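> Okay, handing you the structure first.
The values are calculated or read from the model by the stated rules, or taken from the named source; none is laboratory data. Everything quoted here is computed from the prediction, not taken from an experiment. So basically every Cβ, Gly included, is an ideal-geometry build from the backbone, and we count neighbours across all protein chains shown.
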Amino acid sequence: MLILAHRGASRDAPENTLRAFNEAFSQHAHGLEFDTYQLHQDIIVFHDRWLHRTTNGSGRVLDQTITTLRSLDAGFGEQIPFLHEVLALCPGSSICNIEIKQLHDVPAWLQCFDDALHSSRLTTDNIIISSFNHRWLREIKAQRPAIQIGALTASFPVNGPAFAAELDAYSIHVTLDMIEESYVREAHQAGLKVLVYTVDMPDDMLMLKSWGVDGIFTNVPTVARATLGDYL
C-alpha cells in the first residue's frame, strides 16, 4: 500500500512547504500529495483559495502576483514553493500526486509541468495528476495520453467507478467517508487503482489494507509506516 504524505508531513511541518515534503521523506513516505494553482506562467504549490489560514498574507491567491506570494511566510519562514522546487527534492523512486486546484491554460500548464519534470529525477511513471475537475483531467489526458490521471471524488455514484474508467484514469481517489469494500472491488475490476484520503488513524489504515486499497493519503506518514510496515 502506497503511503503518500498529504500536503507533506503536515502534522509535523507547515503544509505544502518544502520543509513538510522533506519531512515526509524522512518519515519514509513513498511519495507526496500536494495542491497546485496555475498563476500566470507558473505553477505554485498551495491549497486554499485564500491566503490567511496558512500564511501571513491576506486576500485571494489568484489576485496576487508571484512576487507577492513568494514574499509571504508559509510557516517557520517557508515560502510558497513552485512545482519545480517540489519535484526537484523528490527521490527518483518516489510517487507524486499533483492535485490541480486551478488551471486556465492546459498547454501552458503542460509546458510548465514538463520543465519541472525535466529538472527532477522523476519520470511520468512517478506522477499522478488529480483533480475534482474532471474536465481538466480529460483535456490533459487528450493532449498527453501517457500522463496518469487520478479522478478525485467525494461521492459514491450510482454507477460506481465508471466515471473514472470513462476518463481513462489510472486511479480513483475516494474520501474515507465514502469508501466501501465493494467500491474497491468494482474499481479494481474496472482496471483502476484505488487511493483513499485522508487516512490518519491506524485502524482505518489496517481496514483499507485488508480491502486491497492501493494507497492512502495521510498527514502522518510516520504513523502509517509504523502501522503498515514496509507493505507496498
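> How many residues does the stretch 1-28 contain that are more than 16 Å from Ile128 (Cα to Cα) and not hydroxyl-bearing (Ser, Thr, Tyr)?
The number of residues fulfilling the criteria is 17.
> Kindly list, by first and then second residue, each pair from a residue in the stretch 164-192 that is within 14 Å of Trp211 (Cβ to Cβ) and without any contact (Cβ under 8 Å) to a residue 60 or more places away in the chain to a residue that is among the hydroxyl-bearing types (Ser, Thr, Tyr) and assigned to a helix (DSSP H, G or I), limited to pairs with Cβ atoms under 7 Å and residues at least 6 apart or on different chains.
These pairs meet every condition: Val174/Tyr183.
> If you go through the stretch 124-139 one residue at a time, do you hit one that is hydroxyl-bearing (Ser, Thr, Tyr), more than 19 Å from Arg7 (Cα to Cα) and out of contact with any strand residue (DSSP E or B) (no Cβ under 6 Å at 6 or more places or on another chain)?
yes
> Go through (1) assigned to a loop (DSSP other than H, G, I, E, B); (2) of a type in the set (A, V, I, L, M); (3) crowded, with 21+ Cβ neighbours inside 10 Å one by one and return the number of the condition Val158 breaks.
So the condition that Val158 fails would be (3).
> Being among the small types (Gly, Ala, Ser) and either in a strand (DSSP E or B) or modelled with pLDDT under 95 (or both) is the filter here; which residues of the stretch 130-154 pass it?
Result: Ser130, Ser131, Gly150, Ala151.
> Let me ask another. Give me the residue from the stretch 18-40 that is polar (S, T, N, Q) and in contact with an Asp or Glu (Cβ under 9 Å, 6 or more places away or on another chain) and, out of that set, farthest from Ala5 (Cα to Cα).
The extreme case among them is Gln38.
> Something else now. How many of the residues in the stretch 177-208 are in contact with a helix residue (DSSP H, G or I) (Cβ under 6 Å, 6 or more places away or on another chain) and surrounded by fewer than 18 Cβ atoms within 10 Å (Cβ to Cβ)?
Residues in the stretch 177-208 being in contact with a helix residue (DSSP H, G or I) (Cβ under 6 Å, 6 or more places away or on another chain) and surrounded by fewer than 18 Cβ atoms within 10 Å (Cβ to Cβ): 3 in total.
> Return yes or no: is Leu69 touching a residue at least 24 places away in the same chain (Cβ under 8 Å), surrounded by fewer than 18 Cβ atoms within 10 Å (Cβ to Cβ) and either on the phi < 0 side of the Ramachandran plot or in contact with a helix residue (DSSP H, G or I) (Cβ under 6 Å, 6 or more places away or on another chain) (or both)?
For Leu69, the condition - touching a residue at least 24 places away in the same chain (Cβ under 8 Å), surrounded by fewer than 18 Cβ atoms within 10 Å (Cβ to Cβ) and either on the phi < 0 side of the Ramachandran plot or in contact with a helix residue (DSSP H, G or I) (Cβ under 6 Å, 6 or more places away or on another chain) (or both) - is not met.
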